[in-house]
Each structure stands twice: as C-alpha cells, then as structure tokens.
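A.B. asks: Attaching a single structure in structure tokens format; questions to follow.
Every read-out reported here was derived from the displayed coordinates using simple, explicitly stated rules and does not represent laboratory data. Computed from a prediction, not measured in an experiment: that's the story for all the values here. Don't worry about glycine lacking a Cβ; one is built from the backbone with ideal geometry, like all the others, and counts go over all protein chains shown.
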Amino acid sequence: MRRTQILQKKRRRKRRIFRVRGKIFGTEEIPRLCVYRSLRHIYAQIIDDTKGKTLTTASTLCAEIRDDVKGKKKTEAAALVGKLIAERAKKLGVEKVVFDRHGYKYHGRVKALADGAREGGLKF
C-alpha cells in the first residue's frame, strides 16, 4: 500500500471510532467494554465514562492467561481474554456493559472476545 492509502485507512477508522463513541457512553451502573486489537495481542478495558476511570483491564499479556494463550490461534486467545474480563468485572459487581468495538468490524477476534465475555456472564 502506498502512504496515502494508509493515511486514508487510518482516517476512516478514526471517523468510525468517533461515530460509534458518539452513541455509546458508559455509566457507573453500565460501564463501557472497550476493545483494542493489535497485530499480535488483544486488549479489553471496562471504563466508567462519568468518572473517566478504567475499572479493570485484561489482555493476552496478562500473567493469568499468558501460558494458556501460547500455541493458540488469535481468535481462541481473544475468547480467553473475554472470559477473563468477565471474571474481573464480576468481582467488581458489574453484570451489564455497553460494547465498544472501537471502529473494528464485529467479526473474528472482536466477536470472539465478545462471545467469551458473554460466556463469562457479562450481558450486553
């Protein structure tokens, strides 16, 4: 890809992020579950937007699941992260969340993380 194509791709994704975030807002009762996907890892945060604080996080780099992730495909690892974030949210008393896919398509690793969080007991 040429440099201009890469810049256009980034701009389009930024526009999608702002469009989605304009409709989604996490409160104290129903916080926002935000997903970030890099080439190797996937990260999830539960955020209370009224206070502007991150309540809990989980990723493929967490010590609890780092050994389980080795040798698995990225979608399987994303499902493990979803289960871990749901477990941590339950400890905080969070049962319902608003899902923020952060401009990504609801497909592949993002969907696997969401399904894993649902299996763990979170409701969207």
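A.B. asks: Given the Cα-Cα distance of Lys23 and Lys72 and 0.36 nm per residue of separation, how much length would full extension add, in nm?
C.D. replies: 14.2 nm
A.B. asks: Still on this structure: Any of Lys51/Lys123; Lys9/Lys91; Lys10/Lys91; Lys9/Lys73; Lys51/Lys72; Lys72/Lys96 with alpha carbons more than 32 Å apart? Name them for me. Show your work: numbers first, answer last.
C.D. replies: Details: Lys51/Lys123 22 Å; Lys9/Lys91 38 Å; Lys10/Lys91 36 Å; Lys9/Lys73 26 Å; Lys51/Lys72 37 Å; Lys72/Lys96 29 Å.
Distance filter (> 32 Å) returns Lys9/Lys91; Lys10/Lys91; Lys51/Lys72.
A.B. asks: Residues in region 26-60 near a label at Lys91, defined as backbone nitrogen under 17 Å from the 7 Å Cα→Cβ point?
C.D. replies: Hits in region 26-60 for Lys91 at 17 Å: 44-47, 54-60.
A.B. asks: Specify, per residue and in Å³, the volume enclosed by the convex hull of the alpha carbon atoms belonging to the chain.
C.D. replies: Numbers: hull volume 13.6 nm³, N = 124.
Taking the convex hull of the Cα positions in the chain, it is 110 Å³ per residue.
A.B. asks: Where the centre of each part is set by its Cα atoms, how far does region 26-77 sit from region 101-124, in angstrom?
C.D. replies: 10 Å
A.B. asks: Which residue, Asp67, Asp48, Asp100, tops the fluctuation ranking in a GNM of the chain built on C-alpha contacts under 10 Å?
C.D. replies: Ranking Asp67, Asp48, Asp100 by mean-square fluctuation puts Asp67 first.
A.B. asks: Hey, got the dipole for region 3-119? About the Cα centre, +1 on K and R Cβ, -1 on D and E Cβ, debye to the nearest 20?
C.D. replies: Computed about the Cα centre, the dipole is about 1140 debye.
A.B. asks: Helix-only mean residue ellipticity at 222 nm, the chain, DSSP H runs n ≥ 4 weighted -39,500 (n - 2.57), per residue, nearest 500. What is it?
C.D. replies: Computed ellipticity for the chain at 222 nm equals -14000 deg cm²/dmol.
A.B. asks: Please list 3J(HN,Hα) in residue order for region 103-112, calculated via the Karplus relation 6.51 cos²θ - 1.76 cosθ + 1.60 where θ = phi - 60°; whole Hz, with x for glycine and proline.
C.D. replies: The phi angles translate into x, 8, 5, 7, 6, x, 5, 5, 5, 4 Hz.
A.B. asks: Still on this structure, I have one more. How big is the antiparallel share of DSSP beta bridges in the chain, given as a percent to the nearest 5?
C.D. replies: If we restrict to bridges inside the chain, about 75 percent are antiparallel.
A.B. asks: Expected output is a single nm value to one decimal: the length gained when fully extending between Lys51 and Met1, i.e. 0.36 nm times separation in residues minus the C-alpha distance. What is it?
C.D. replies: Roughly 13.9 nm would be gained on extension.
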